[in-house]
Every structure is written in structure tokens, then in C-alpha cells.
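Worksheet: one structure, shown below.
The values are calculated or read from the model by the stated rules, or taken from the named source; none is laboratory data. Every value quoted in this text rests on a predicted model; they were computed, and no experiment measured them. All Cβ positions, glycine included, derive from the backbone under ideal geometry; neighbour counts span all protein chains shown.
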Amino acid sequence: MGTVALSGTAKVSLDGEGARSKRTAQRMEKPEDTAFAALAAVSSYLDSDEELPDFFARLSATIAALSHAKRAAFWRLGPRGTLVVQPSPHGFAADSPVHTIRLQLGANGDGAVERLVFADELDLAKGSSPALDAIWRKSGLVDVRSSIAAAWTAGERRVGAVAVYDSEHGFTQRDLWVLRMVGVTAGLVWQYKESEDELGHTAVRLEEAMAARRHLLNNIASGGDEARRRFASALHDDSLQLLTGAELQLERIRGDAATGRQIVQLDQLKHTLRKVEDSLRRLLTNVSPEPLQLPSDLRGAISERLESMRIRAGIEPHIDSRIPDDLPPAIQAIVLKNISEALTNIEKHAHATRVMVVAEAVDGGIRVAVNDDGTGFVVAESVRVPGHIGLVAMRERAQLAGGWCRIESEPGAGTKVEFWVPLSL
Ligand SMILES: Nc1ncnc2c1ncn2[C@@H]1O[C@H](COP(=O)(O)OP(=O)(O)OP(=O)(O)O)[C@@H](O)[C@H]1O
Ligand SMILES: [Mg+2]
């Protein structure tokens, strides 16, 4: 934009002053073009998929060309105050000492490098910075003929320095100006890159946390099946088999029994063992993990549950269900478990005559409200009664799925249990 305006100025100038104006315009044009080229090189990174080393290789080549230098490098300040070259500097051989140089900066040092990095100060004399040249040569870059450098900054932060080496005609203040601008804009890219990396790490951590939550949720949705399964198999494989073995042994002893009295006693023992076995088998039926009752039709399952409540407790049910058929199984399980708990509570505690269940898809999830016209209760007193976990479990299930659960009740005013769970876990 600047270039266009300046060219216009040169064109409309009168002939007498024309030549001088044109020279001025050209001089002005050059740094503006240079600045534009440098900015374009930096900003092109922001929408490319380029890796950082490639970006620095390209940017180093660009600034070397813009400042008529043979070589260019970015030097990064490490956490221990050491300057190390950023990979892929321009114009250096693969075996150049540049790759291994470690320039240690003093914290309050007032040497040339410290002044450069921390204050962006550099003394330019006869097309170079003699103090800087001396430092490069001392560090191993013995063939440096001229050099200048500018601070590489990101806001208040000092990222390092950007340096160019070996100018054809000596470096100028204009070259230094371009370099300073590159130092500041490269700082922006650095910050951008760092926040991109940070974002990437956060996304990975978030995904891990989500996976853990999904796992936990599936366990909760299946009702602690794992613990029940272990208990049931121990009962079946150990206790019941030992008992069957004991009964067979008893049978043999009975066959060998000498007296009628012994036979009567052994029959009594056999009868007792049978009773033990029966009771253990009943226990086994109770603790065996019920296959998670996930009917293909959640609405049907809710209606069935309400119907059995009507038959058992004489409570009149009403249902208004408008939920999609294809809910994820874990969400179906939570919805069904929470409704079941609310209904069980009504049967056990409410002395209600009517129950209303409303289920609908809202806000990307399922909202369910269960209302009864029963006795009601003081919620604050009942949610954390030791050994009574129904209400707490309802709330935890909903929250773990990323939803919420509210219980509203007052003595004499019935109860409303309401929860919402998102459709995607
Ligand atoms: N719909 C309701 N009407 C009246 N009282 C209720 C209702 N729901 C819950 N309550 C009261 O809140 C208490 C806590 O309920 P919660 O479901 O947490 O435990 P619980 O039903 O007693 O035992 P469980 O742990 O088997 O669920 C109940 O004991 C009851 O006093
Ligand atoms: Mg309960």
C-alpha cells in the first residue's frame, strides 16, 4: 500500500524536482518493499502447514536476501541463558561450528550480546558491528567478515536474536531496521506456534479425560457388573462345587453306615446341606449380573416399569415420552436407571396416587421429569442419609454423563425429580 502511494508521489512531481523526488521515492520504496517482503514471509507461516524448522530455513534465506547477506541465523535463548542456533540457519555448511555454539549470556551482563538480546542495542561502524564480529569469531565462526543482529522478541519476552553475516557492501541502518522488524514479527510466530502446541497438548489431555469419563460412565451404566460377576463366579465355582462334593461324600458314607440311627442322622445332615445349597443358589440368582436391561424401545421399558408400579402399588401412571429411538446405550441405561430409582422411591416412600413422567429431547440431550403427588420430604435432610444412596446415585449418574439432576420437594407438596443428560458422551 505504502509503495503505491509513494510511487504516485514520484509521478506527480514537477520535472525540475522530479529526479530528486524520484530518487527519494526509490530510497523510500526499498525499505517498504523489504519490510513487506519480510512481513509476507513471516505471515505466510500462519496459514501454512509448514514445520517450524522449514519456516526458519525459509525466513533465514529471505532475510539474507533482503539484507544482501551471505548467511543468516536465528539464535534462541534457552532456559539457562544460553544462545543456541535455531535449526536450519541459512548459508552455513552442515559441518559449520554454528550448529554447536553455546553462547552463555550473563544475567546482568553489559556485553554486546546481552545489550543486543535484552535492550536491542547494537553499535554499527563501517558496515558491521565490530563487537559482535569479535564474539562470533571467538566462538568458532572464524570466517565472519561482517555481521549485525537484532533482538528476537515476543512482547516483553526475549526469545533470542536474529543475525545476518557477510554483507557484500557493508550493512546499513536500513538493514538493521529490517532485521529488527523481522525479530519482532518472528516473535509473533513463535508465540503463535507455542500456543498452537499448548492447544495440541490440552486437546490430547482433554481427550484422555473424556475417554476415562466414558469408561467410568459405561461401568456405572452397567451397574457395577464387574464386582457382581466376580462374586457370582466365586460363589458358583468355589462354594457350590465344594458343597456338591460334600453331598456326594455324604452319600458314600451313608452307603457304608452301620446302624439305623447313623442313617437317620446322615439324612438330616443331607437335608441341611440341601437347604444351604438352595439358599446359595438363590443368592447366586440375585447377584448374577442381570444383562443390562436395554430394551430396543426405551419408551416401552418406561411404560412397563410404570405398569408394574400401578399393579403393585395402585399408583396411576401418566407418561409423555418424546425421545429419539437411537440413543447411545450408556445414555439409555442412565435414563432408565434414574427413572427406576425415582419410581422405586415413590413406591417406597411417597404414598402417592398419581405419577407423571415426561421425557423429551432438548438442548442436545434428554430431559426427564418425574412428578408425584405424594407426601413430599425435606430434600436437604434426605440427600445424605448414611446407607441411603438412591438420590445421590441419580445425581452422580447424570453429572458424570455431563448433565444435571434436581430434586424439588416439600412435605405435603409431592416431589419432582428432574434430570438432563447430553446425547453424546
Ligand atoms: N418421592 C419421594 N417421596 C417422599 N420421600 C422421598 C421420595 N424420594 C425420596 N424420599 C425420601 O428421601 C430419602 C432418601 O432417598 P434415597 O433414594 O436416597 O434413599 P432410600 O430410597 O431410602 O434408599 P436407597 O438407597 O435404597 O435408595 C428416602 O429415605 C425418603 O425419606
Ligand atoms: Mg431410593
Note to self: Test of understanding: among ILE346, ILE339, which residue is farther than 15 Å from GLY300 by Cα and within 14 Å of ligand 2 (Cβ to nearest atom)?
What the structure shows: ILE346
Check: What number goes with the only condition from (1) on the phi > 0 side of the Ramachandran plot; (2) touching a helix residue (DSSP H, G or I) at 6+ places or on another chain (Cβ under 7 Å) that GLY402 does not pass?
Finding: (2)
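Does SER308 satisfy the condition of being crowded, with 16+ Cβ neighbours inside 10 Å and among the polar types (S, T, N, Q)?
Values: crowded, with 16+ Cβ neighbours inside 10 Å: no; among the polar types (S, T, N, Q): yes.
So SER308 does not fit the description; no.
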Next item on the list: Would you point out the residue of the range 393-413, among those that are of a type in the set (A, V, I, L, M) and over 21 Å from ALA212 (Cβ atoms), that is nearest to ligand 2 (Cβ to nearest atom)?
Entry: MET394
Item checked: Checklist (1) more than 12 Å from ligand 1 (Cβ to nearest atom); (2) over 21 Å from ASP320 (Cα atoms); (3) of a type in the set (S, T, N, Q) applied to THR353, failing item -> (2)
Margin query: I'm trying to understand the selection: among the residues of the range 350-375, which are under 19 Å from SER340 (Cβ atoms) and among the polar types (S, T, N, Q)?
Written below: ASN371
Item checked: Only listed residue being closer than 26 Å to PHE55 by Cα, assigned by TED's automatic domain parsing to the domain that holds ALA35, out of contact with any Lys or Arg (no Cβ under 8 Å at 6 or more places or on another chain) and part of a strand (DSSP E or B), chosen from ALA161, ALA186 -> ALA161
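For the range 56-93, which positions are basic (Lys, Arg) and assigned to a strand (DSSP E or B)? Break it down into steps so the answer makes sense when it comes.
In the first step, residues of the range 56-93 are kept if they are basic (Lys, Arg); the result is 58, 70-71, 76, 80.
Within the range 56-93, LYS70, ARG71, ARG76 meet the criteria.
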Notebook entry, point to check: Could you give every pair whose Cβ atoms fall below 8 Å, whose first residue belongs to the range 324-347 and is under 19 Å from VAL379 (Cα atoms) and in the same structural domain as THR375 (by TED's automatic domain parsing), and whose second residue is within 15 Å of ligand 2 (Cβ to nearest atom) and in a loop (DSSP other than H, G, I, E, B), counting only separations of at least 6 or pairs across chains?
Noted result: ILE346/ALA352; ILE346/GLY374
Check: How do the helices (runs of 4 or more DSSP H) wholly within the range 321-425 filter down when requiring 2 or more residues that are polar (S, T, N, Q): which remain?
Finding: 329-345
Check: Quick check: is even one residue across the range 134-145 without any contact (Cβ under 8 Å) to a residue 24 or more places away in the chain and under 45 Å from the mean Cα position of the chain (by Cα)?
Finding: no
Check: When the range 387-400 is examined, which residues are found to be more than 10 Å from ligand 1 (Cβ to nearest atom) and of a type outside the set (A, V, I, L, M)?
Finding: GLU396, ARG397, GLN399
Next item on the list: Identify, from the list ILE148, ILE135, the residue that is assigned to a helix (DSSP H, G or I), β-branched (Val, Ile, Thr) and in contact with a helix residue (DSSP H, G or I) (Cβ under 8 Å, 6 or more places away or on another chain).
Entry: ILE135
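Which one of these is touching a helix residue (DSSP H, G or I) at 6+ places or on another chain (Cβ under 8 Å), within 13 Å of ligand 2 (Cβ to nearest atom) and on the phi < 0 side of the Ramachandran plot: GLY374, GLY390? Break it down stepwise before answering.
On the way: GLY374 fails: within 13 Å of ligand 2 (Cβ to nearest atom).
Only one candidate passes the filter, namely GLY390.
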